[in-house]
Amino acid sequence: MKRRSFLKSVGTMSLAAPAILTGVSSAPARTATGSPRLDITWLGGATMLIECGGLTLLTDPAFGEGEEAFRMGDPNEMFDLATGPDVVAHKRLTPFRGVDLSRVDQVLLSHLHEDHFDQTAESAIAPDMPFLVPSHDRERLTAKGFTQVQVADWMKPHVITRGDVTLSLTALPAEHSENPEIASLLGPGNGYWLEIRQGDWAKSVYWTGDTFPTPNVLDALKGFGSPDVLIPHLGGVGTSGPLGQISMGANHAADFVDKLRPGKVLPIHHSTYALYLEPVTSLPTALAGKTQGLDLVSEGTCVSYV
């Protein structure tokens, strides 16, 4: 069984793309007379809009809704590891609030499992949209017809400039399991450290991707310091299946908080899909009352960091 193909569906699911992908009511990240700020709008799952000034990033686009939001193997069901899980439809529990793709400068992918890039998004996004992806996923994405796919290798910084906004982005390892054999089976992914600057103003963001605070990940984070915003993926996926847990639970996120001491914590990758097993309400408990920096928001909410 090829890595990353383990949970994936074969081919493209025939889903109609949304006719109009709009409806997010986030304001511009900077007005003509206003001060710089970073706006992050959580759209469900691992999908976010990250905006500052004239720069807009879209992360892990997943737009499908209803009983058949996307198709993928089910890591929560029992199956034979030698053959992999049956590919099934997965239910989205919340409505998709929409996104105006014309505003997006770059799509940033943590990895290509279908709960992070679903069949509806694949149909909706233009083939010439710029993508930044793990090296493991470049070939598969170009095979889907996307023509502007750039690899983000671990620890090699990329710089994106829009007007007076400069984004320095560094890909970091993301390990999909604490078991090295399972992590290898699922394939390597990326987390991302973002340094966003506008004049003398700056913010740092660590978006974990599907990972755990393993020694390899924590070692890669040395030298980056404490992020202004930590964005962990939760959900406790896999805890009832043979792969074991393949996305963080609240205790893992609390470990990241203890190690990194972020200014703010914005948890995502929870509540959206039936795939997620652990409720996000476990996080305040795991943080043992240290919730002054916790931004626990509903889907479609824009959080501003100034």
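The values are calculated or read from the model by the stated rules, or taken from the named source; none is laboratory data. A quick note: this is a predicted structure, and the numbers were derived from the prediction, not measured. When we count neighbours, we look across all protein chains shown, and the Cβ atoms used for this are built from the backbone with ideal geometry, even at glycine. Heavy atoms of the whole protein, side chains included, go into the accessibility calculation; ligands, DNA and RNA do not. Shrake-Rupley method; radii C 1.70, N 1.55, O 1.52, S 1.80 Å.
Considering only residues in the range 92-113 that are over 21 Å from Pro130 (Cβ atoms) and basic (Lys, Arg), the one that is least open to solvent (accessible area, probe 1.4 Å) turns out to be Arg92.
Name the residue that is modelled with the lowest pLDDT, counting only residues in the range 27-71 that are among the hydroxyl-bearing types (Ser, Thr, Tyr) and open to solvent by 20 Å² or more (accessible area, probe 1.4 Å). Here the residue is Thr31.
For the range 188-208, the set of residues classified as within 23 Å of Asp137 (Cβ to Cβ) and either open to solvent by 40 Å² or more (accessible area, probe 1.4 Å) or modelled with pLDDT under 95 (or both) consists of Pro188 only. Please work out if Leu230 is exposed (fewer than 15 other Cβ atoms within 10 Å of the Cβ), under 23 Å from Leu57 (Cβ atoms) and without any contact (Cβ under 8 Å) to a residue 40 or more places away in the chain. Considered against the rule, which asks whether it is exposed (fewer than 15 other Cβ atoms within 10 Å of the Cβ), under 23 Å from Leu57 (Cβ atoms) and without any contact (Cβ under 8 Å) to a residue 40 or more places away in the chain, Leu230 comes out as no. Quick check on the range 72-87. Is at least one of its residues surrounded by fewer than 24 Cβ atoms within 10 Å (Cβ to Cβ), β-branched (Val, Ile, Thr), at pLDDT 95 or above and not in a loop (DSSP other than H, G, I, E, B)? The answer is yes, given that some residue of the range 72-87 is surrounded by fewer than 24 Cβ atoms within 10 Å (Cβ to Cβ), β-branched (Val, Ile, Thr), at pLDDT 95 or above and not in a loop (DSSP other than H, G, I, E, B).
Just a yes or no: is a residue in the range 191-212 of a type in the set (Phe, Trp, Tyr) and more than 26 Å from Ser135 (Cα to Cα)? Scanning the range 191-212 turns up at least one residue that is of a type in the set (Phe, Trp, Tyr) and more than 26 Å from Ser135 (Cα to Cα). When Thr166, Thr170, Thr239, Thr211 are checked against the criterion of being touching an Asp or Glu at 6+ places or on another chain (Cβ under 9 Å), open to solvent by 10 Å² or more (accessible area, probe 1.4 Å) and within 30 Å of Pro85 (Cα to Cα), a single residue qualifies: Thr239. Residues in the range 245-259 that are out of contact with any Asp or Glu (no Cβ under 8 Å at 6 or more places or on another chain) and either surrounded by fewer than 19 Cβ atoms within 10 Å (Cβ to Cβ) or more than 24 Å from Thr291 (Cα to Cα) (or both): Asn251, Asp255, Asp258, Lys259. Here Phe63, Phe70 are screened, and the one residue that is among the hydrophobic types (A, V, I, L, M, F, W, C), under 25 Å from Pro134 (Cβ atoms) and out of contact with any Ser or Thr (no Cβ under 7 Å at 6 or more places or on another chain) is Phe70. For the range 119-134, a residue qualifies if it is outside any helix (DSSP H, G or I), open to solvent by less than 40 Å² (accessible area, probe 1.4 Å) and in contact with a helix residue (DSSP H, G or I) (Cβ under 9 Å, 6 or more places away or on another chain), and the qualifying residues are Ile125, Met129, Phe131, Val133. Evaluating Gly223 against the criteria (1) open to solvent by 50 Å² or more (accessible area, probe 1.4 Å); (2) at pLDDT 95 or above; (3) not aromatic (Phe, Trp, Tyr) leaves one unmet condition, (2). Given the criteria within 22 Å of Pro284 (Cβ to Cβ) and either of a type outside the set (A, V, I, L, M, F, W, C) or in contact with a helix residue (DSSP H, G or I) (Cβ under 8 Å, 6 or more places away or on another chain) (or both), does Thr214 qualify? No.
Scanning the range 230-263 for residues that are in contact with a Pro (Cβ under 7 Å, 6 or more places away or on another chain) and part of a helix (DSSP H, G or I) returns His252, Ala253, Asp255, Phe256, Lys259, Leu260.
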